Amino acid sequence: METLFPPRLVIAAPQGRSGKTTVTAGLCAALAARGLTVQPFKKGPDYIDPSWLTAAAGRPCRNLDPFLMGQETVGAVFGRGCRGADLAVIEGAMGLYDGLDLDGSGSTAALARWLDAPILLVVNAQRITRSVAALVQGYQHFEPGTRIAGVILNNVARGRQQAIMTEAIERYCGIPVVGVLPRSESLAIPDRHLGLIPRAENESLVPALVAARDAALAHFDLDRILAIAGFSAELIPRPPLPSSGENAPLPPQSWGESDSPRGRGGGGARAPVRVGVMQDRVFTFYYPENLEALQDAGAGLVFIDSLNDAHLPAINALYIGGGFPEVFMAELEANTSLRADVAAAIEGGLPTYAECGGLMYLSRRITWGDRSAAMVGALPCEVEMTAQPQGHGYVEAEVDGPNPFFATGAVLRGHEFHNSRPTGLEAAPPTAYRLRRGNGLGGGRDGLVYRNVLASYMHLHAAGAPGWAEGLVRRAEGRVR
């Protein structure tokens with residue numbers, strides 16, 4: 001039976017750093033304030049932008065990645081994510097036509113065509129007026145079938161500039177300007193060495209999201225945007241909430257009870273297999289589909305706070321995702337009892353899967369400039385932070401060595417983005433992955449194996465790593481007593 005997709009929009013831009021995340025978060029929060037159930041998506045491999053979109057919409061943002069998933073799986077992930085939603089808003093990545101090669105494979109434009117979704121083009125208005133029409137025209141006609149249906153101007157300095165740009169786009173391009181964001185420091189989402197700061201790290205980041213929502217309510221033509229997305233005029237809801245101030249709260253930042261693995265508990269105490277998931281302010285990089293895949297494989301999820309839980313709970317396996325342990329390394333070091341529990345459990349054979357920040361946490365020590373802190377010490381290496389990325393982009397790996405979770409010969413697709421590298425690797429511990437693409441640990445290898453631990457710089461999405469969840473749960477089942 002064919003899946004019918006709900007009304008939908010893609011938010012794209014001529015290039016990165018044009019303001020897509022601010023526009024998408026503001027739009028999601030504004031539409032949610034009007035009473036709509038908005039399902040956010042992010043094109044490409046990303047954890048940080050989705051943390052903001054999750055907070056804005058009040059539903060977990062999901063990723064759509066042509067390279068990791070392929071067209072059929074993208075459609076399935078999109079359809080599953082849209083259940084119960086009134087419309088979907090998809091934030092693109094990089095420039096609209098940027099892809100893996102000269103043909104633009106896997107671009108935001110290609111994704112929009114796969115989903116038959118209209119595009120709103122976000123244009124940075126700095127130092128441009130009438131010429132914006134030539135820019136938009138070029139994007140309209142570059143690849144046939146790419147449906148650019150409207151423009152949102154970002155970083156507009158004054159009314160005269162807005163008027164000239166709007167008139168030029170509407171006269172020469174034949175599409176409307178449906179929103180304008182004024183130049184304002186309050187709309188800037190804070191960033192640091194690997195991009196934006198994850199929303200879950202700090203409550204002080206809320207004002208940027210509030211400002212984006214209020215700007216969208218004030219300066220976007222929401223009725224017209226909804227019509228472009230495919231809403232019938234009679235279905236467009238009226239605002240139930242005021243547009244600013246404390247009386248118009250944002251949707252909750254975390255998953256709602258109906259969508260959250262925390263809310264459902266995944267079988268928690270009732271399931272025979274208990275997989276611990278270290279999820280807190282430090283370790284925030286988890287795809288919803290990965291947690292769902294573990295539950296679908298029969299696991300109950302037990303959530304662990306690396307900063308505040310003094311001891312490891314009773315679990316049969318451990319999953320430590322990515323994040324920023326270097327930012328919290330003093331606090332992680334201070335939690336000596338939990339680190340000792342994790343180290344002892346790993347020595348006792350606890351099946352453990354760790355990605356990037358998780359690998360760093362399991363190492364002996366993290367050093368960043370003149371600061372250094374002890375970590376779990378399960379892996380025979382230390383980790384050094386660097387000024388430049390040590391790995392950035394898509395990864396393709398062939399499993400060519402023994403490991404707890406994957407069969408030899410499996411081909412995995414994932415991604416990496418890390419400003420750290422291992423040092424002092426002792427006795428050349430075995431690795432499980434030969435990299436066809438990517439950097440990993442260096443030397444074309446990734447996937448440190450120690451006892452029942454598999455730790456790598458590669459981030460996996462369950463859709464691009466068949467058998468990952470089943471392998472982890474199967475190994476955990478061997479420890480159920």
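The values are calculated or read from the model by the stated rules, or taken from the named source; none is laboratory data. Values in this document were obtained by computation on a predicted structure and should not be read as measured data. Neighbour counts run over all protein chains shown; Cβ positions are idealised from the backbone, glycine included.
For Ala134, all conditions in the list (1) modelled with pLDDT of 95 or more; (2) in a loop (DSSP other than H, G, I, E, B); (3) aliphatic (A, V, I, L, M) hold save one; what is the number of the exception?
Ala134 satisfies every listed condition except (2).
Quick check on Thr166: is it among the β-branched types (Val, Ile, Thr), touching a residue at least 40 places away in the same chain (Cβ under 8 Å), surrounded by 14 or more Cβ atoms within 10 Å (Cβ to Cβ) and touching a strand residue (DSSP E or B) at 6+ places or on another chain (Cβ under 9 Å)?
When the stated conditions are applied, Thr166 does not pass them.
How many residues, within segment 309-332, are in a loop (DSSP other than H, G, I, E, B) and on the phi < 0 side of the Ramachandran plot?
Here is the first cut: in segment 309-332, the residues in a loop (DSSP other than H, G, I, E, B) are 309-316, 321, 323-328.
Subsequent filtering for residues that are on the phi < 0 side of the Ramachandran plot retains 309-316, 321, 324-328.
Count: 14.
Pick from Leu68, Leu111, Leu64, Leu115: which is under 22 Å from Arg224 (Cα atoms), touching a residue at least 24 places away in the same chain (Cβ under 8 Å) and of a type outside the set (Val, Ile, Thr)? First the steps, then the outcome.
Numbers: Leu68 fails: under 22 Å from Arg224 (Cα atoms); Leu111 fails: under 22 Å from Arg224 (Cα atoms); Leu64 fails: under 22 Å from Arg224 (Cα atoms).
Only one candidate qualifies: Leu115.
Specify the residue that is surrounded by the most Cβ atoms within 10 Å (Cβ to Cβ); the eligible residues are those in segment 370-396 that are in a strand (DSSP E or B) and within 21 Å of the chain's Cα centre (by Cα).
Per the criteria, the residue is Val395.
Condition check ((1) in contact with a Cys (Cβ under 6 Å, 6 or more places away or on another chain); (2) over 26 Å from Ala344 (Cβ atoms); (3) touching a residue at least 60 places away in the same chain (Cβ under 8 Å); (4) not charged (D, E, K, R)) across all residues:
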| residue | (1), (2), (3), (4) |
| --- | --- |
| Ala378 | no, no, yes, yes |
| Phe417 | no, yes, yes, yes |
| Gly447 | no, no, no, yes |
| Asn452 | no, no, yes, yes |
| Leu460 | no, yes, yes, yes |
| Ala463 | no, yes, yes, yes |
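Before we move on, is Gly99 modelled with pLDDT of 95 or more and on the phi > 0 side of the Ramachandran plot?
no
Confirm whether Val89 is assigned to a strand (DSSP E or B), closer than 30 Å to Ser184 by Cβ and touching a strand residue (DSSP E or B) at 6+ places or on another chain (Cβ under 7 Å).
On the way: assigned to a strand (DSSP E or B): yes; closer than 30 Å to Ser184 by Cβ: yes; touching a strand residue (DSSP E or B) at 6+ places or on another chain (Cβ under 7 Å): yes.
Answer is yes for this residue.
What number of residues within segment 281-308 satisfy the criterion of being touching a residue at least 40 places away in the same chain (Cβ under 8 Å), in a loop (DSSP other than H, G, I, E, B) and touching a helix residue (DSSP H, G or I) at 6+ places or on another chain (Cβ under 8 Å)? Write out each step before concluding.
Just the residues of segment 281-308 that are touching a residue at least 40 places away in the same chain (Cβ under 8 Å), to begin with: 281-290, 292-294, 296-299, 301, 303, 306.
Now drop any that are not in a loop (DSSP other than H, G, I, E, B), which leaves 281-284, 286-287, 297-298, 306.
So of that shortlist, the ones also touching a helix residue (DSSP H, G or I) at 6+ places or on another chain (Cβ under 8 Å) come out as 281-284, 287, 297-298, 306.
Selection size over segment 281-308: 8.
Out of Thr352, Thr336, which single residue is closer than 15 Å to Leu454 by Cα, β-branched (Val, Ile, Thr) and either at pLDDT 95 or above or assigned by TED's automatic domain parsing to the domain that holds Leu454 (or both)?
Step by step, each of Thr352, Thr336 is checked, and only Thr352 is closer than 15 Å to Leu454 by Cα, β-branched (Val, Ile, Thr) and either at pLDDT 95 or above or assigned by TED's automatic domain parsing to the domain that holds Leu454 (or both).
For segment 1-22, enumerate the residues that are at pLDDT 95 or above and over 17 Å from Leu121 (Cα atoms).
The one that is at pLDDT 95 or above and over 17 Å from Leu121 (Cα atoms): Pro7.
Tell me whether segment 30-53 contains one or more residues that are touching a Phe, Trp or Tyr at 6+ places or on another chain (Cβ under 7 Å), part of a loop (DSSP other than H, G, I, E, B) and either on the phi < 0 side of the Ramachandran plot or outside the structural domain of Ala149 (by TED's automatic domain parsing) (or both).
Yes.
Select from segment 452-468 the residues that are in contact with a strand residue (DSSP E or B) (Cβ under 9 Å, 6 or more places away or on another chain) and part of a loop (DSSP other than H, G, I, E, B) and list them in ascending order.
Once the filter is applied, which keeps residues that are in contact with a strand residue (DSSP E or B) (Cβ under 9 Å, 6 or more places away or on another chain) and part of a loop (DSSP other than H, G, I, E, B), segment 452-468 yields Asn452, Tyr457, Met458, His461, Ala465, Pro466.
Mind checking which residues of segment 137-157 are surrounded by fewer than 21 Cβ atoms within 10 Å (Cβ to Cβ), of a type in the set (A, V, I, L, M, F, W, C) and closer than 29 Å to Phe78 by Cβ?
If the condition is that a residue be surrounded by fewer than 21 Cβ atoms within 10 Å (Cβ to Cβ), of a type in the set (A, V, I, L, M, F, W, C) and closer than 29 Å to Phe78 by Cβ, then Phe142, Ala149 are the ones that fit.
I'd like to check something: does segment 397-408 contain any residue that is surrounded by fewer than 23 Cβ atoms within 10 Å (Cβ to Cβ), part of a strand (DSSP E or B) and hydroxyl-bearing (Ser, Thr, Tyr)?
no
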